[in-house]
């Protein structure tokens, strides 16, 4: 039952949140028949469904607590079979810079953070302005939008994993 609730929550977040955000910014609404890649990619969908709501813990690497860079690393390994480095800054250094309007599902996104001891925060893009990340101690692992004011302001850049 918990898995079904998580799936419903993720699906609603991916479909309804962009509609709400676009309507608030007076931009054209996304078409509902254009399904986000996240909803189509079964491995990514299963991974996110499993991790949503898991707690955040600085330096954590497990389901009992994970931080943003370790979450990126775990997603890349489990979904794409690619090894990433341990910190946001080293993930940044080992990705090819891409423009925001060229983001693809699986690209890493980076933010400046005044809260993090490292000054960094990161997540993985899942389509339709949405990304998944280990947010903080209060929210844990969640799906957010690049259109949210705090992420628009803190956005540092994006990188595509070097293959």
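We did not get these values from a lab; they are worked out from the coordinates using the rules stated. This is a predicted model, so every value here is computed, not measured. We place every Cβ from the backbone using ideal geometry, glycine too, and count neighbours over all the protein chains shown.
Computed quantities for the displayed model
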{"quantity": "The range 104-143 - Rg over Rh from alpha carbon coordinates, Kirkwood radius", "calculated": "0.99"}
{"quantity": "Longest to shortest principal axis, alpha-carbon extents of the range 52-146, angstrom", "calculated": "33, 27, 25"}
{"quantity": "Ordering of 68-79, 44-55 by packing [mean C-beta count within 10 Å, highest first]", "calculated": "68-79, 44-55"}
{"quantity": "Two-site label geometry, residue 163 and residue 104: point separation in nm, points 7 Å out along Cα→Cβ", "calculated": "0.7 nm"}
